[in-house]
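Notes follow the structure.
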Amino acid sequence: MLTLRTACGFLSNDSTMSSADLHLSKLPHIGTNIFTTMSGLAAQYNAVNLAQGFPDFDVPSYLIERVTHHMQHGKNQYAPMAGVLSLREKLAIKYASVYGIAFDPADEITITCGATEACFSVLTAFIKPGDEVIIIEPAFDCYEPAILLNGGKPVFVKTIYPDFHIDWQQVEEAITSRTRLIILNSPHNPTGTVYTKEDVQALRALLQRHDLLVLSDEVYEHMVFDGLHHHCLAADPFIKERTLTVGSFGKTYHATGWRLGFCAAPAYLTKEFRKVHQYNTFSAVTPIQHAVSDMLDDTDWHHNLSSFFQSKRNYFLNLIKHSGFKSIPTQGTYFQLLSYAAVSDKKEADMANWMVKEMKLAAIPVSVFYHDKTDQQILRFCFAKKDETLQQAAEILCKI
Ligand code: GLN
């Protein structure tokens with residue numbers, strides 16, 4: 001019997017595997033992921049759900065109106081494999097105006113079924129058996145399984161607690177002749193760290209010494225706080241030449257369930273990316289692509305998103321300032337890490353399990369984002385919630 005690594009401490013039914021299962025499974029160490037598990041427990045125990053990262057408020061009504069319009073006007077068959085052209089064109093305009101980056105909508109932008117599909121297609125397109133891929137931990141959970149399924153080897157480098165900065169020297173030391181790609185993520189899930197100018201310079205220097213590809217997960221690009229800026233890695237021409245940038249319309253438009261993301265990359269990389277995407281999902285949902293294309297005309301939306309979420313973060317932190325939970329500063333994303341070391345000596349998984357069942361509040365143990373389950377007594381809370389939801393959560397936190 002083998003204990004599963006993911007979502008440890010939460011699973012009962014499938015937390016062990018027989019040798020027959022082991023023989024069958026391509027991912028014997030991977031269980032049902034933490035988001036599925038915690039959202040399930042939140043529903044089962046009728047708990048306030050600050051675990052899985054999704055807003056509990058609505059998408060803009062204009063977007064609903066546009067999806068309905070396009071569904072009623074015949075936009076219901078396959079979209080082009082690369083994505084609806086007007087959406088790719090508007091995204092290219094946004095990249096030029098927000099970051100000064102030129103992406104050619106014809107052969108450098110592909111619309112995907114969420115950022116998760118984009119990451120999977122990148123890793124499938126470029127990772128061959130035996131290739132090593134650097135993952136900076138803590139790390140979002142979709143990278144490692146995609147590497148494993150392609151016969152690659154994840155190589156983990158930890159950021160430095162408590163500000164979770166990258167030690168680029170350690171990254172360099174992890175590179176071998178087999179290293180093919182490095183995965184970077186800013187604004188960072190789950191820590192909320194935002195890469196600095198110095199990080200970008202360090203990355204460029206690294207790429208000048210080592211021939212690597214970069215998968216840059218930038219799905220929280222429009223959620224950056226306290227006057228900081230998102231550094232899109234592709235804004236550096238040398239980095240851009242070897243980088244696949246992944247983004248998410250679901251995050252930007254409060255519509256995570258619509259599963260709409262994209263991958264932007266130089267043509268020679270996009271050509272390979274599309275070979276996988278076309279046989280993975282072929283194309284993303286047509287009327288939604290048209291609606292998001294219409295929505296992109298509203299440039300105020302993405303410009304105002306950071307201040308919208310910064311207010312949410314501040315509102316939440318203010319409500320819990322007298323609780324025993326200590327905030328670890330978040331610079332971006334819609335996640336807040338809280339240390340509970342002052343109120344409990346439980347392990348993170350046990351604390352999250354106890355909180356959802358006994359206190360009716362769901363959060364994510366940060367240890368699940370480490371391959372070795374590093375435990376720092378911190379939990380991740382999603383503050384993309386209505387004020388009343390944040391109030392309910394804060395009341396519970398103040399009681400613990
Ligand atoms: N990105 C979301 C989070 O970190 C969850 C995505 C998912 O459920 N797959 O909470």
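Looking at the stretch 127-203 alone, DSSP beta bridges between its own residues are antiparallel in about 10 percent of cases. Over the chain, with a single point scatterer placed on each C-alpha, what log10 of the ratio I(q)/I(0) does the Debye formula yield at q = 0.09 1/Å? Each listed q maps to, in turn, -0.53.
The Kirkwood radius of the stretch 356-400, taken over pairs of alpha-carbon atoms, gives through the Stokes-Einstein law at 10 °C and 1.306 mPa s a diffusion coefficient of 135 µm² s⁻¹. Straight-line reach from LYS75: which lysines fall under 28 Å, measuring Cα to Cα and dropping same-chain residues less than 8 apart? The reachable lysines, counting only those whose Cα sits under 28 Å from LYS75, are LYS90, LYS94, LYS251, LYS271, LYS275. When you work out D = kT/(6 pi eta Rh) for the stretch 200-261 at 37 °C and 0.692 mPa s, using the Kirkwood radius from C-alpha pairs as Rh and the Stokes-Einstein form, the result is 253 µm²/s. Around the amide H of VAL48, modelled in the peptide plane, lie the amide H atoms of LEU361, ALA362, all under 5 Å away and 5 or more residues distant in sequence or on another chain. For the pair the stretch 289-322 and the stretch 17-60, the centres of their Cα atoms are 26 angstrom apart. Helices in the chain, meaning DSSP H runs of at least 4 residues, each add -39500 (n - 2.57). Divided by all residues, the mean residue ellipticity at 222 nm is -11500 deg cm²/dmol. Sequentially through the stretch 326-343, phi angles give Karplus couplings (6.51, -1.76, 1.60; θ = phi - 60°) of 10, 7, 9, x, 10, 9, x, 6, 10, 10, 10, 8, 10, 8, 10, 4, 6, 10 Hz, Gly and Pro residues having no value and appearing as x. Quick note on the stretch 292-400: its Rg to Rh ratio, both from C-alpha atoms and Rh being the Kirkwood radius, is 1.04. Partner aspartates and glutamates whose Cα lies under 14 Å from the Cα of LYS26, excluding those fewer than 8 positions away in the same chain, are identified as GLU144. Return the aspartates and glutamates within reach of LYS312: Cα separation strictly under 19 angstrom, same-chain partners fewer than 8 residues apart disregarded; answer none if there are no such residues. Straight-distance partners of LYS312: ASP56, ASP58, GLU221, ASP226, ASP300, ASP387, GLU388, GLU395. Here the 3J(HN,Hα) profile of the stretch 101-113, calculated from phi with Karplus coefficients 6.51, -1.76 and 1.60 at θ = phi - 60°, is 10, 9, 10, 7, x, 5, 9, 10, 10, 10, 8, 10, 7 Hz, Gly and Pro shown as x. Have a look at the DSSP beta bridges in the chain and tell me what percent are antiparallel, nearest 5. Of those bridges, close to 50 percent are antiparallel.
Bear in mind that the values in this text are calculations on the coordinates, not laboratory data. Here the structure is a predicted model, which is why all the values come from computation and not from measurement.
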